[in-house]
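S.K.: Handing you a structure now.
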Amino acid sequence: MNDETNQEPTLVLGGTGKTGRRVVERLTARGLPVRIGSRSGEPRFDWEDRSTWDPVLEGVGSAYVCHYWDAMPGAAETMGSFAELAVERGVRRLVLLSGRGEQEAERAERAVRDSGAELTVLRATWFAQNFSEDYWRDLVRGNEVALPAGDTPEPFVDAGDIADVAVTALTDDRHVGQLYELTGPRLLTFADAVLDISRAVGREIRYVPISSEEFAAAAAEQGVPREVVEMLTFIFGAVLDGRNARLADGVQRALGREPRDFSDYARDAAAAGIWNPRATRAA
């Protein structure tokens, strides 16, 4: 990007979430102006309230677009409308986080691409950080991770790698028009992932496969919002069928390095005390 564009704020939607927060940190570390797009931001942004779209786009030169519900029906129309408005308001570059192997997410990709923006698409698999920055963290703390994931392998990707690729795409013209499939370097079942975490924390943590119905009931009991339960249940049932059980080279192509391994993530998270059982009692 040119110097003028770099002086305009980059809008980071979901700027307090797993990937968005990391994108904000990296852009800020480079001394680049950032605007966080969230319900608690200023100006406020809400995908479901279109009156918040215009204010958050004012003066923006580029945007990281992340929609938590992009796998759900209707997301494509919403995201396409936002992208069209962004281009109308002078936003030149969009970097879109998308779900790998998700039909509705790919429809959203096409809708955003139709806006005519300079676009880079990042298709990501399950985040490693789901185990430490979501309610699954409490499952790990309780030494039993019960999920409807069976024994299907997944190439868990580190949220830091996603953020690194996103920032590179936002600031380097060479990535315009690219589609990067982002995975980790290994295929792991959920049982494998939990075993890596167990080894990192030095205590036994079990993975227990359960049905989607059991998962939904348990999550609701834990206070997980209904719409989140529905979305996760949908993804477990519709996407975790082996379609993503292969590695991709998106991190290598974009960054010229290997993606971070899940065991490295687990080691660092354990060292930070994220899965310490005492934290559950204190909460």
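S.K.: Between Val228 and Thr28, 0.36 nm times their residue separation minus their Cα-Cα distance comes to what?
M.R.: Working: separation 200, 0.36 × 200 = 72.00 nm, distance 2.99 nm.
Result for the pair: 69.0 nm of gain on full extension.
S.K.: With a 10 Å cut-off between alpha carbons and a GNM built on the chain, which of Ala220, Ala105, Ala270 moves the most?
M.R.: Of the options given, Ala220 has the highest mean-square fluctuation.
S.K.: Now, a different point. Where does the charge balance sit around Ala220 when Lys and Arg score +1, Asp and Glu -1, over other residues with C-beta under 12 Å from its C-beta? Show your work: numbers first, answer last.
M.R.: Numbers: positive: Arg226; negative: Glu213, Glu214, Glu221, Glu227, Glu230.
Cβ neighbours under 12 Å give a net charge of -4.
S.K.: Determine ³J(HN,Hα), in whole Hz, for all residues of segment 87-96 in sequence, where each value follows from phi through the Karplus function 6.51 cos²θ - 1.76 cosθ + 1.60 and θ = phi - 60°; x replaces Gly and Pro.
M.R.: Result, rounded to whole Hz: 5, 4, 8, x, 6, 8, 10, 10, 10, 9.
S.K.: In a Gaussian network model over the chain where Cα atoms closer than 10 Å are linked, find which of Ala111, Ala191, Ala238 has the largest mean-square fluctuation.
M.R.: Answer for the Gaussian network model of the chain: Ala238.
S.K.: Related question: So which residue, out of Gln103, Gln178, Gln222, gets the largest mean-square fluctuation from a GNM of the chain using Cα contacts under 10 Å as springs?
M.R.: So, out of Gln103, Gln178, Gln222, the one fluctuating most is Gln222.
S.K.: Using R₀ = 45 Å, calculate the FRET efficiency as 1/(1 + (r/R₀)^6) where r is the Cβ-Cβ separation of Arg267 and Arg44; round to 0.05.
M.R.: On the way: r = 38 Å, r/R0 = 0.84.
Rounded to the nearest 0.05, the efficiency is 0.75.
S.K.: Once you sort the root eigenvalues of the Cα gyration tensor of segment 1-61 as a ≥ b ≥ c, which label holds: rounded (a/c under 1.5), prolate (a/b larger than b/c) or oblate (the other case)? Each step should come with its number before you reach the end.
M.R.: Working: a/c = 2.74, a/b = 1.34, b/c = 2.04.
In terms of gyration-tensor shape, oblate.
S.K.: Now, a different point. Between rounded, prolate and oblate, where does the chain land on the alpha carbon gyration tensor, with a ≥ b ≥ c its root eigenvalues, rounded for a/c under 1.5, else prolate if a/b exceeds b/c?
M.R.: Working: a/c = 1.71, a/b = 1.59, b/c = 1.08.
It comes out prolate by the Cα gyration axes.
S.K.: OK, next. Given an 8 Å cut-off on Cα distances and at least 6 residues of separation, report the relative contact order of the chain as a percent. Can you show the working numbers first?
M.R.: Values: 532 pairs, mean separation 51.2, N = 283.
RCO, the chain: 18 percent.
S.K.: Using only the Cα atoms, what convex hull volume per residue in Å³ does segment 1-118 have?
M.R.: Working: hull volume 11.3 nm³, N = 118.
With only Cα atoms used, segment 1-118 gives 96 Å³ per residue.
S.K.: Taking the Cβ of Thr52 as the center, what net charge do the other residues with Cβ under 13 Å away carry, scoring Lys and Arg +1 and Asp and Glu -1?
M.R.: Details: positive: Arg35, Arg39, Arg44, Arg50; negative: Glu42, Asp46, Glu48, Asp49, Asp54, Glu58.
Residues near Thr52 contribute -2 overall.
S.K.: Would you mind getting the Kirkwood hydrodynamic radius of segment 50-117 from its Cα pairs, rounded to one decimal in Å? Let's see the in-between values first.
M.R.: Details: mean 1/r = 0.0842 Å⁻¹.
Taking every pair of different Cα atoms in segment 50-117, averaging 1/r and inverting gives 11.9 Å.
S.K.: Kirkwood Rh over Cα pairs of segment 127-283 into Stokes-Einstein at 4 °C, 1.567 mPa s: D in µm²/s?
M.R.: For the chosen part, D equals 78 µm²/s.
Values quoted throughout were computed directly from the atomic coordinates according to the rules given, and no laboratory measurement underlies them. Note that the coordinates shown come from a computational prediction; the quantities given were computed from them, not determined experimentally. Note that we place each Cβ from the backbone using ideal geometry, even for glycine, and neighbour counts take in every protein chain shown.
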